[in-house]
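One structure below.
The values are calculated or read from the model by the stated rules, or taken from the named source; none is laboratory data. This structure is a prediction, so every number in the text was calculated from the model and none was measured. Reconstructed Cβ throughout: ideal geometry from the backbone, glycine too, with neighbour counts over all protein chains shown. Surface areas here come from the heavy atoms of the whole protein model, side chains and all, with no ligands, DNA or RNA. Shrake-Rupley method; radii C 1.70, N 1.55, O 1.52, S 1.80 Å.
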Amino acid sequence: MTDPRVVIIGAGLAGLTAGRALGEAGVPYVILEAADRPGGLCRTETVGGYTFDYTGHLLHLKEGQSRDLIMELVGGQLAEHGRRASIFVEGTFVPYPIQAHFGSLPAATAKACLEELKAVAGKTVSRDLSFDDWAEGQFGRTLADLFMIPYNRKLYGHPLEEMEVSWTSWSIPRPTADEIERIAAGGDPPSFGYNATFFYPGQGGIELLPRCLAAGQEEAIRTGVKVTGVDAARKVVTVEGGGRIPYRSLVSTMPLPDLLAMTTGLPSAIGSAAGKLRASAVLGVCLGLDGPVTRDDHWIYFPDKDLPFYRVGFPSNFSDHVAPAGCGSLYAEAAFVSGSPPDAGHLFTSVVRTLKDTGIIPENTGVAARVDLAMPCAYVFHDRFRARELPVILSELGERQILSVGRYGGWEYSAMQDAVQWGLDAAREVLARETLP
(Lines give C-alpha, C1' and ligand atoms only; values in the text may rest on other atoms or scores of the structure.)
Protein backbone atom coordinates (compact mmCIF):
# COMPACT_ATOMS: atom_id res chain seq x y z
CA MET A 1 0.00 0.00 0.00
CA THR A 2 0.98 3.66 -0.30
CA ASP A 3 3.02 4.95 2.63
CA PRO A 4 0.47 6.15 5.17
CA ARG A 5 0.09 9.82 5.94
CA VAL A 6 -1.81 8.91 9.09
CA VAL A 7 -1.00 6.19 11.61
CA ILE A 8 -3.85 5.13 13.89
CA ILE A 9 -3.00 3.20 17.05
CA GLY A 10 -5.81 0.87 18.05
CA ALA A 11 -8.65 -0.76 16.09
CA GLY A 12 -11.38 -0.03 18.61
CA LEU A 13 -14.44 2.02 17.79
CA ALA A 14 -12.66 5.39 17.67
CA GLY A 15 -9.75 4.10 15.57
CA LEU A 16 -11.95 2.20 13.13
CA THR A 17 -14.26 5.18 12.69
CA ALA A 18 -11.35 7.55 12.07
CA GLY A 19 -9.87 5.15 9.52
CA ARG A 20 -13.18 4.75 7.74
CA ALA A 21 -13.59 8.53 7.41
CA LEU A 22 -10.00 9.04 6.24
CA GLY A 23 -10.33 6.28 3.68
CA GLU A 24 -13.49 7.82 2.29
CA ALA A 25 -11.57 11.10 1.90
CA GLY A 26 -8.71 9.40 0.03
CA VAL A 27 -6.06 9.87 2.72
CA PRO A 28 -3.60 6.93 3.03
CA TYR A 29 -3.61 5.53 6.58
CA VAL A 30 -2.80 2.43 8.57
CA ILE A 31 -4.38 1.08 11.77
CA LEU A 32 -2.05 -0.79 14.13
CA GLU A 33 -3.80 -3.22 16.48
CA ALA A 34 -1.97 -5.35 19.06
CA ALA A 35 -4.76 -7.94 19.33
CA ASP A 36 -5.50 -10.63 16.76
CA ARG A 37 -8.63 -8.88 15.48
CA PRO A 38 -10.25 -5.44 15.52
CA GLY A 39 -12.65 -4.30 18.22
CA GLY A 40 -10.60 -3.22 21.22
CA LEU A 41 -12.75 -3.85 24.30
CA CYS A 42 -15.86 -3.86 22.12
CA ARG A 43 -15.39 -7.56 21.44
CA THR A 44 -17.36 -10.75 21.91
CA GLU A 45 -16.18 -14.23 22.91
CA THR A 46 -18.12 -17.46 22.40
CA VAL A 47 -17.55 -20.29 24.88
CA GLY A 48 -19.48 -23.55 24.87
CA GLY A 49 -22.38 -22.06 22.92
CA TYR A 50 -22.62 -18.95 25.14
CA THR A 51 -21.81 -15.46 23.85
CA PHE A 52 -20.10 -12.92 26.12
CA ASP A 53 -18.98 -9.34 25.60
CA TYR A 54 -16.22 -7.68 27.57
CA THR A 55 -18.88 -6.93 30.24
CA GLY A 56 -21.73 -4.51 29.58
CA HIS A 57 -21.57 -3.01 26.09
CA LEU A 58 -24.99 -1.54 25.45
CA LEU A 59 -25.67 1.21 22.93
CA HIS A 60 -27.24 4.29 24.50
CA LEU A 61 -27.80 6.50 21.46
CA LYS A 62 -28.51 10.20 21.26
CA GLU A 63 -29.08 12.23 18.11
CA GLY A 64 -26.10 13.20 16.00
CA GLN A 65 -23.71 12.17 13.25
CA SER A 66 -22.34 9.23 15.23
CA ARG A 67 -25.82 7.82 15.82
CA ASP A 68 -26.58 8.17 12.13
CA LEU A 69 -23.44 6.21 11.25
CA ILE A 70 -24.15 3.46 13.79
CA MET A 71 -27.72 3.05 12.60
CA GLU A 72 -26.60 3.04 8.97
CA LEU A 73 -24.16 0.23 9.67
CA VAL A 74 -26.05 -1.97 12.16
CA GLY A 75 -29.46 -0.42 12.80
CA GLY A 76 -31.34 -3.20 11.07
CA GLN A 77 -29.69 -5.76 13.35
CA LEU A 78 -30.35 -3.99 16.65
CA ALA A 79 -33.21 -4.48 19.08
CA GLU A 80 -34.29 -1.61 21.33
CA HIS A 81 -34.87 -2.31 25.03
CA GLY A 82 -36.41 -0.32 27.84
CA ARG A 83 -34.07 -0.50 30.82
CA ARG A 84 -34.79 -3.07 33.52
CA ALA A 85 -32.25 -2.55 36.28
CA SER A 86 -32.08 -2.85 40.04
CA ILE A 87 -29.87 -2.14 43.03
CA PHE A 88 -29.37 -4.76 45.72
CA VAL A 89 -29.41 -2.77 48.95
CA GLU A 90 -30.50 -3.49 52.50
CA GLY A 91 -31.16 -7.09 51.47
CA THR A 92 -33.68 -6.25 48.76
CA PHE A 93 -33.81 -5.36 45.07
CA VAL A 94 -34.77 -1.72 44.50
CA PRO A 95 -35.51 -0.49 40.96
CA TYR A 96 -32.83 1.73 39.40
CA PRO A 97 -32.25 4.65 39.57
CA ILE A 98 -32.62 4.66 43.32
CA GLN A 99 -33.27 8.43 43.48
CA ALA A 100 -36.48 7.84 41.50
CA HIS A 101 -37.51 4.70 43.41
CA PHE A 102 -36.68 5.52 47.02
CA GLY A 103 -40.28 4.61 47.87
CA SER A 104 -39.32 0.94 47.37
CA LEU A 105 -36.93 1.12 50.31
CA PRO A 106 -37.98 0.19 53.86
CA ALA A 107 -40.43 2.78 55.25
CA ALA A 108 -38.05 4.57 57.60
CA THR A 109 -35.33 4.81 54.96
CA ALA A 110 -37.81 5.97 52.32
CA LYS A 111 -39.08 8.71 54.66
CA ALA A 112 -35.54 9.98 55.27
CA CYS A 113 -34.81 9.97 51.53
CA LEU A 114 -38.00 11.92 50.80
CA GLU A 115 -37.27 14.61 53.37
CA GLU A 116 -33.66 15.00 52.25
CA LEU A 117 -34.46 15.04 48.51
CA LYS A 118 -37.09 17.73 49.08
CA ALA A 119 -34.54 19.76 51.06
CA VAL A 120 -31.92 19.71 48.27
CA ALA A 121 -34.27 19.86 45.25
CA GLY A 122 -33.39 22.65 42.88
CA LYS A 123 -30.33 23.76 44.84
CA THR A 124 -27.10 24.29 42.95
CA VAL A 125 -24.28 22.12 44.27
CA SER A 126 -20.73 23.36 43.84
CA ARG A 127 -18.65 21.32 41.44
CA ASP A 128 -15.57 22.12 43.52
CA LEU A 129 -16.65 19.67 46.23
CA SER A 130 -15.33 16.15 46.73
CA PHE A 131 -17.57 13.41 45.38
CA ASP A 132 -18.81 12.53 48.88
CA ASP A 133 -19.92 16.08 49.62
CA TRP A 134 -21.33 16.55 46.12
CA ALA A 135 -23.41 13.34 46.46
CA GLU A 136 -24.84 14.53 49.77
CA GLY A 137 -25.62 17.96 48.32
CA GLN A 138 -27.37 16.39 45.32
CA PHE A 139 -29.32 13.58 46.96
CA GLY A 140 -29.13 13.93 50.74
CA ARG A 141 -27.11 11.98 53.26
CA THR A 142 -29.21 8.80 53.22
CA LEU A 143 -29.02 8.10 49.48
CA ALA A 144 -25.39 9.20 49.39
CA ASP A 145 -24.45 6.70 52.10
CA LEU A 146 -26.77 3.97 50.84
CA PHE A 147 -25.65 3.89 47.22
CA MET A 148 -23.79 6.80 45.65
CA ILE A 149 -20.70 6.72 47.85
CA PRO A 150 -20.23 2.97 48.51
CA TYR A 151 -20.89 2.04 44.88
CA ASN A 152 -18.38 4.53 43.48
CA ARG A 153 -15.83 3.68 46.16
CA LYS A 154 -16.16 0.03 45.16
CA LEU A 155 -15.99 0.80 41.43
CA TYR A 156 -12.99 3.12 41.42
CA GLY A 157 -10.84 1.77 44.24
CA HIS A 158 -9.16 5.18 44.73
CA PRO A 159 -10.08 7.62 47.53
CA LEU A 160 -13.28 9.45 46.62
CA GLU A 161 -11.95 12.46 48.55
CA GLU A 162 -9.59 12.92 45.58
CA MET A 163 -12.32 12.63 42.92
CA GLU A 164 -13.82 15.67 41.22
CA VAL A 165 -17.29 15.51 39.74
CA SER A 166 -17.14 16.76 36.13
CA TRP A 167 -18.07 13.29 34.85
CA THR A 168 -21.38 13.27 36.74
CA SER A 169 -23.07 16.01 34.70
CA TRP A 170 -24.71 13.63 32.19
CA SER A 171 -24.65 10.32 34.03
CA ILE A 172 -26.29 10.89 37.43
CA PRO A 173 -29.60 12.78 37.15
CA ARG A 174 -31.48 14.30 40.09
CA PRO A 175 -35.30 14.36 40.34
CA THR A 176 -37.00 17.74 40.32
CA ALA A 177 -39.23 18.94 43.14
CA ASP A 178 -42.33 18.07 41.09
CA GLU A 179 -41.01 14.58 40.38
CA ILE A 180 -40.25 14.03 44.06
CA GLU A 181 -43.81 14.99 44.99
CA ARG A 182 -45.21 12.64 42.33
CA ILE A 183 -43.08 9.75 43.61
CA ALA A 184 -44.10 10.48 47.21
CA ALA A 185 -47.77 10.46 46.20
CA GLY A 186 -47.40 7.00 44.69
CA GLY A 187 -47.18 8.11 41.06
CA ASP A 188 -45.00 6.42 38.47
CA PRO A 189 -41.34 7.39 38.94
CA PRO A 190 -39.68 9.19 36.03
CA SER A 191 -37.70 6.97 33.66
CA PHE A 192 -34.71 9.22 33.51
CA GLY A 193 -30.99 8.77 32.95
CA TYR A 194 -28.88 8.37 29.84
CA ASN A 195 -29.44 4.59 29.89
CA ALA A 196 -33.25 4.51 30.14
CA THR A 197 -33.28 2.74 26.78
CA PHE A 198 -30.58 0.92 24.88
CA PHE A 199 -29.92 -0.99 21.69
CA TYR A 200 -28.26 -4.39 21.43
CA PRO A 201 -27.68 -6.76 18.50
CA GLY A 202 -30.23 -9.51 18.13
CA GLN A 203 -27.42 -11.94 17.36
CA GLY A 204 -23.64 -12.05 17.51
CA GLY A 205 -22.94 -9.82 20.48
CA ILE A 206 -21.59 -6.27 20.46
CA GLU A 207 -18.64 -7.17 18.20
CA LEU A 208 -21.10 -6.74 15.36
CA LEU A 209 -20.42 -2.99 15.49
CA PRO A 210 -16.61 -3.03 15.08
CA ARG A 211 -16.91 -5.75 12.44
CA CYS A 212 -19.15 -3.48 10.39
CA LEU A 213 -16.86 -0.49 10.95
CA ALA A 214 -13.85 -2.58 9.85
CA ALA A 215 -15.51 -3.81 6.65
CA GLY A 216 -13.72 -2.36 3.66
CA GLN A 217 -10.64 -1.43 5.72
CA GLU A 218 -9.02 -4.84 5.70
CA GLU A 219 -5.92 -3.72 3.78
CA ALA A 220 -5.31 -0.83 6.20
CA ILE A 221 -5.72 -2.81 9.44
CA ARG A 222 -2.63 -4.60 10.71
CA THR A 223 -3.49 -6.89 13.61
CA GLY A 224 -0.94 -8.50 15.94
CA VAL A 225 1.19 -5.35 15.73
CA LYS A 226 2.13 -3.84 19.10
CA VAL A 227 3.32 -0.25 19.21
CA THR A 228 6.33 0.14 21.51
CA GLY A 229 7.40 3.73 20.93
CA VAL A 230 6.48 7.08 19.44
CA ASP A 231 9.08 9.69 18.47
CA ALA A 232 7.09 12.92 18.49
CA ALA A 233 10.01 14.98 17.18
CA ARG A 234 10.77 12.75 14.17
CA LYS A 235 7.16 11.61 13.72
CA VAL A 236 7.94 7.91 13.74
CA VAL A 237 6.11 4.99 15.38
CA THR A 238 8.15 1.95 16.45
CA VAL A 239 6.51 -1.46 16.65
CA GLU A 240 7.50 -4.67 18.40
CA GLY A 241 10.30 -6.31 16.45
CA GLY A 242 11.90 -2.99 15.54
CA GLY A 243 9.78 -1.84 12.62
CA ARG A 244 9.46 1.90 12.14
CA ILE A 245 6.53 3.68 10.49
CA PRO A 246 6.69 7.43 9.71
CA TYR A 247 3.58 9.56 9.87
CA ARG A 248 2.35 13.09 9.26
CA SER A 249 -0.50 12.78 11.76
CA LEU A 250 -0.90 10.24 14.54
CA VAL A 251 -4.26 9.23 16.02
CA SER A 252 -3.85 7.24 19.22
CA THR A 253 -6.65 5.40 21.01
CA MET A 254 -4.43 3.50 23.45
CA PRO A 255 -4.71 4.49 27.13
CA LEU A 256 -3.23 7.96 27.47
CA PRO A 257 -0.74 6.99 30.24
CA ASP A 258 0.67 4.24 27.98
CA LEU A 259 1.07 6.69 25.11
CA LEU A 260 2.84 9.25 27.30
CA ALA A 261 5.14 6.62 28.79
CA MET A 262 6.37 5.47 25.36
CA THR A 263 6.59 8.85 23.63
CA THR A 264 9.83 10.82 23.32
CA GLY A 265 10.10 14.43 22.25
CA LEU A 266 7.57 15.74 24.78
CA PRO A 267 8.19 18.28 27.57
CA SER A 268 9.42 16.41 30.63
CA ALA A 269 6.40 17.49 32.71
CA ILE A 270 4.05 15.95 30.14
CA GLY A 271 5.92 12.65 29.98
CA SER A 272 5.99 12.36 33.76
CA ALA A 273 2.19 12.69 33.91
CA ALA A 274 1.87 9.07 32.74
CA GLY A 275 2.27 7.75 36.27
CA LYS A 276 -0.20 10.21 37.74
CA LEU A 277 -3.24 9.41 35.60
CA ARG A 278 -5.25 6.76 37.43
CA ALA A 279 -7.95 4.25 36.54
CA SER A 280 -9.57 1.14 37.96
CA ALA A 281 -9.33 -2.26 36.32
CA VAL A 282 -12.12 -4.82 35.96
CA LEU A 283 -12.27 -8.59 35.82
CA GLY A 284 -15.48 -9.89 34.32
CA VAL A 285 -16.44 -13.41 35.43
CA CYS A 286 -18.72 -14.58 32.61
CA LEU A 287 -20.89 -17.61 33.31
CA GLY A 288 -23.08 -19.77 31.12
CA LEU A 289 -25.68 -21.54 33.26
CA ASP A 290 -27.37 -24.89 32.72
CA GLY A 291 -30.69 -23.27 33.58
CA PRO A 292 -32.32 -19.84 33.49
CA VAL A 293 -31.61 -16.87 35.73
CA THR A 294 -34.44 -16.01 38.12
CA ARG A 295 -34.66 -12.27 37.41
CA ASP A 296 -35.55 -10.34 34.28
CA ASP A 297 -33.17 -7.43 34.95
CA HIS A 298 -30.71 -6.35 32.30
CA TRP A 299 -28.25 -5.51 35.08
CA ILE A 300 -28.10 -5.12 38.88
CA TYR A 301 -25.82 -2.90 40.99
CA PHE A 302 -24.24 -4.12 44.25
CA PRO A 303 -22.86 -1.30 46.43
CA ASP A 304 -22.19 -3.50 49.49
CA LYS A 305 -18.42 -3.59 50.06
CA ASP A 306 -18.62 -7.15 51.38
CA LEU A 307 -19.99 -8.58 48.12
CA PRO A 308 -17.42 -9.57 45.48
CA PHE A 309 -18.78 -7.65 42.48
CA TYR A 310 -20.16 -4.18 41.83
CA ARG A 311 -22.51 -5.15 39.01
CA VAL A 312 -24.02 -8.21 37.39
CA GLY A 313 -25.41 -8.15 33.85
CA PHE A 314 -27.53 -10.74 32.04
CA PRO A 315 -26.80 -11.16 28.30
CA SER A 316 -29.56 -13.77 28.02
CA ASN A 317 -31.99 -10.98 28.94
CA PHE A 318 -30.66 -8.81 26.09
CA SER A 319 -30.97 -11.45 23.38
CA ASP A 320 -32.43 -14.91 22.84
CA HIS A 321 -29.38 -15.96 20.82
CA VAL A 322 -26.52 -15.65 23.32
CA ALA A 323 -27.24 -18.86 25.26
CA PRO A 324 -28.72 -22.28 24.46
CA ALA A 325 -32.50 -22.58 24.76
CA GLY A 326 -33.64 -22.78 28.37
CA CYS A 327 -30.29 -21.53 29.70
CA GLY A 328 -29.19 -18.19 31.10
CA SER A 329 -25.95 -16.26 31.10
CA LEU A 330 -24.44 -13.47 33.17
CA TYR A 331 -21.28 -11.54 33.85
CA ALA A 332 -20.18 -10.42 37.31
CA GLU A 333 -17.84 -7.43 37.34
CA ALA A 334 -15.20 -7.02 40.04
CA ALA A 335 -13.17 -3.81 40.12
CA PHE A 336 -9.66 -3.41 41.48
CA VAL A 337 -6.75 -1.01 41.33
CA SER A 338 -4.51 -1.72 38.34
CA GLY A 339 -1.74 -4.13 39.22
CA SER A 340 -3.62 -5.78 42.08
CA PRO A 341 -5.94 -8.33 40.42
CA PRO A 342 -8.05 -10.66 42.56
CA ASP A 343 -7.39 -14.38 42.59
CA ALA A 344 -9.59 -15.64 39.74
CA GLY A 345 -10.36 -19.00 41.34
CA HIS A 346 -11.36 -17.51 44.66
CA LEU A 347 -13.39 -14.82 42.91
CA PHE A 348 -15.29 -17.41 40.86
CA THR A 349 -16.25 -19.37 43.98
CA SER A 350 -17.32 -16.22 45.76
CA VAL A 351 -19.33 -14.99 42.76
CA VAL A 352 -21.31 -18.22 42.44
CA ARG A 353 -21.98 -18.39 46.18
CA THR A 354 -23.20 -14.78 46.27
CA LEU A 355 -25.43 -15.24 43.22
CA LYS A 356 -27.13 -18.16 44.93
CA ASP A 357 -27.36 -16.45 48.32
CA THR A 358 -29.10 -13.44 46.74
CA GLY A 359 -31.50 -15.67 44.79
CA ILE A 360 -30.27 -14.62 41.35
CA ILE A 361 -29.62 -18.21 40.38
CA PRO A 362 -31.24 -21.29 42.00
CA GLU A 363 -29.17 -23.35 44.41
CA ASN A 364 -29.10 -26.35 42.07
CA THR A 365 -28.01 -24.39 38.98
CA GLY A 366 -24.70 -25.46 37.47
CA VAL A 367 -22.09 -23.54 35.49
CA ALA A 368 -21.88 -24.93 31.96
CA ALA A 369 -19.37 -22.41 30.60
CA ARG A 370 -17.00 -19.82 32.04
CA VAL A 371 -14.57 -17.24 30.73
CA ASP A 372 -12.77 -14.50 32.65
CA LEU A 373 -12.37 -11.28 30.64
CA ALA A 374 -9.86 -8.79 32.01
CA MET A 375 -9.82 -5.05 31.33
CA PRO A 376 -6.59 -3.62 32.82
CA CYS A 377 -7.84 -0.08 32.13
CA ALA A 378 -11.60 0.16 32.59
CA TYR A 379 -12.78 3.28 34.44
CA VAL A 380 -10.85 6.54 34.35
CA PHE A 381 -10.50 8.11 37.79
CA HIS A 382 -11.49 11.77 37.56
CA ASP A 383 -9.18 13.27 40.14
CA ARG A 384 -8.04 16.87 40.36
CA PHE A 385 -4.71 16.16 38.70
CA ARG A 386 -6.54 14.88 35.63
CA ALA A 387 -8.91 17.85 35.59
CA ARG A 388 -6.02 20.31 35.77
CA GLU A 389 -3.49 18.61 33.51
CA LEU A 390 -5.51 16.78 30.84
CA PRO A 391 -6.19 19.85 28.66
CA VAL A 392 -2.50 20.75 28.80
CA ILE A 393 -1.43 17.22 27.87
CA LEU A 394 -3.82 16.93 24.94
CA SER A 395 -2.82 20.38 23.70
CA GLU A 396 0.90 19.54 23.79
CA LEU A 397 0.22 16.34 21.88
CA GLY A 398 -1.96 18.18 19.37
CA GLU A 399 0.79 20.69 18.65
CA ARG A 400 2.89 17.70 17.58
CA GLN A 401 0.15 16.32 15.30
CA ILE A 402 -0.79 13.63 17.82
CA LEU A 403 -4.49 13.26 18.57
CA SER A 404 -5.22 11.11 21.62
CA VAL A 405 -8.90 10.16 21.39
CA GLY A 406 -11.52 7.70 22.58
CA ARG A 407 -12.54 6.67 26.08
CA TYR A 408 -8.96 5.89 27.09
CA GLY A 409 -7.04 8.05 24.65
CA GLY A 410 -9.11 11.05 25.72
CA TRP A 411 -9.07 9.77 29.34
CA GLU A 412 -12.80 10.22 29.88
CA TYR A 413 -15.92 8.54 31.21
CA SER A 414 -17.84 7.96 28.00
CA ALA A 415 -20.03 5.60 25.98
CA MET A 416 -19.59 3.69 22.73
CA GLN A 417 -21.34 6.34 20.70
CA ASP A 418 -18.87 8.90 22.07
CA ALA A 419 -15.99 6.75 20.80
CA VAL A 420 -17.50 6.75 17.31
CA GLN A 421 -17.92 10.53 17.47
CA TRP A 422 -14.32 10.90 18.63
CA GLY A 423 -13.21 8.98 15.56
CA LEU A 424 -15.24 11.22 13.27
CA ASP A 425 -13.89 14.36 14.93
CA ALA A 426 -10.30 13.10 14.79
CA ALA A 427 -10.59 12.38 11.08
CA ARG A 428 -12.08 15.83 10.52
CA GLU A 429 -9.17 17.47 12.34
CA VAL A 430 -6.61 15.45 10.39
CA LEU A 431 -8.29 16.31 7.10
CA ALA A 432 -8.18 20.00 7.98
CA ARG A 433 -4.39 19.70 8.25
CA GLU A 434 -3.86 17.61 5.15
CA THR A 435 -3.12 19.12 1.75
CA LEU A 436 -4.14 16.57 -0.84
CA PRO A 437 -2.35 16.51 -4.22
Those residues of the stretch 234-266 which are more than 30 Å from the chain's Cα centre (by Cα) and within 22 Å of TYR408 (Cβ to Cβ), in sequence order | ILE245, GLY265
Please note which strands (runs of 3 or more DSSP E) are completely contained in the stretch 63-114 and include at least 1 residues that are of a type in the set (D, E, K, R).
-> 78-82
Considering each of VAL367, VAL351 in turn, give the residue that is out of contact with any His (no Cβ under 7 Å at 6 or more places or on another chain) and buried (at least 18 other Cβ atoms within 10 Å of the Cβ).
-> VAL351
The stretch 22-58, subset touching a residue at least 24 places away in the same chain (Cβ under 8 Å) and among the charged types (D, E, K, R), residue most open to solvent (accessible area, probe 1.4 Å) = ASP36
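Results for (1) modelled with pLDDT under 95; (2) not basic (Lys, Arg), shown as yes or no for each residue.
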position: PRO308; (1), (2): no, yes
position: GLY313; (1), (2): no, yes
position: GLY328; (1), (2): no, yes
position: GLY339; (1), (2): yes, yes
position: ARG353; (1), (2): no, no
position: ALA368; (1), (2): no, yes
Considering the stretch 381-424, residues that are within 19 Å of MET262 (Cβ to Cβ) and among the polar types (S, T, N, Q), and then whichever is most open to solvent (accessible area, probe 1.4 Å), we arrive at GLN401
Would you mind telling me which numbered condition in (1) under 17 Å from the mean Cα position of the chain (by Cα); (2) at pLDDT below 95 ASP320 fails?
-> (1)
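I'd like the full set of residues that are outside any helix (DSSP H, G or I) and open to solvent by 60 Å² or more (accessible area, probe 1.4 Å), limited to the stretch 193-214. Quick ask: steps written out before the conclusion?
First, pick out the residues of the stretch 193-214 that are outside any helix (DSSP H, G or I): 193-207.
The answer is TYR194, THR197, GLN203.
Could you identify the single residue in VAL293, VAL322 that is open to solvent by 20 Å² or more (accessible area, probe 1.4 Å) and not acidic (Asp, Glu)? Working first, answer last.
Working: VAL322 fails: open to solvent by 20 Å² or more (accessible area, probe 1.4 Å).
Only one candidate qualifies: VAL293.
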Going through the stretch 59-98 one residue at a time, which ones are under 20 Å from ALA112 (Cβ atoms), touching a residue at least 24 places away in the same chain (Cβ under 8 Å) and among the β-branched types (Val, Ile, Thr)?
-> ILE87, VAL89, ILE98
Pick from the stretch 296-311, criterion out of contact with any Ser or Thr (no Cβ under 9 Å at 6 or more places or on another chain) and either among the hydrophobic types (A, V, I, L, M, F, W, C) or surrounded by fewer than 22 Cβ atoms within 10 Å (Cβ to Cβ) (or both), ranking: nearest to HIS57 (Cα to Cα) | ASP296
When (1) surrounded by fewer than 20 Cβ atoms within 10 Å (Cβ to Cβ); (2) under 19 Å from HIS158 (Cα atoms); (3) touching a strand residue (DSSP E or B) at 6+ places or on another chain (Cβ under 7 Å); (4) among the polar types (S, T, N, Q) are applied to SER340, the one that fails is (3)
When the residues of the stretch 425-437 are filtered to those that are aliphatic (A, V, I, L, M) and surrounded by fewer than 21 Cβ atoms within 10 Å (Cβ to Cβ), which remaining residue is nearest to LEU13 (Cα to Cα)?
-> LEU431
If you take the residues in the stretch 242-283 that are of a type in the set (S, T, N, Q) and open to solvent by 20 Å² or more (accessible area, probe 1.4 Å), which one is nearest to GLY19 (Cα to Cα)?
-> THR253
Counting just the residues of the stretch 130-173 that are open to solvent by 60 Å² or more (accessible area, probe 1.4 Å) and touching a residue at least 12 places away in the same chain (Cβ under 8 Å), which one comes out nearest to the chain's Cα centre (by Cα)?
-> TRP170
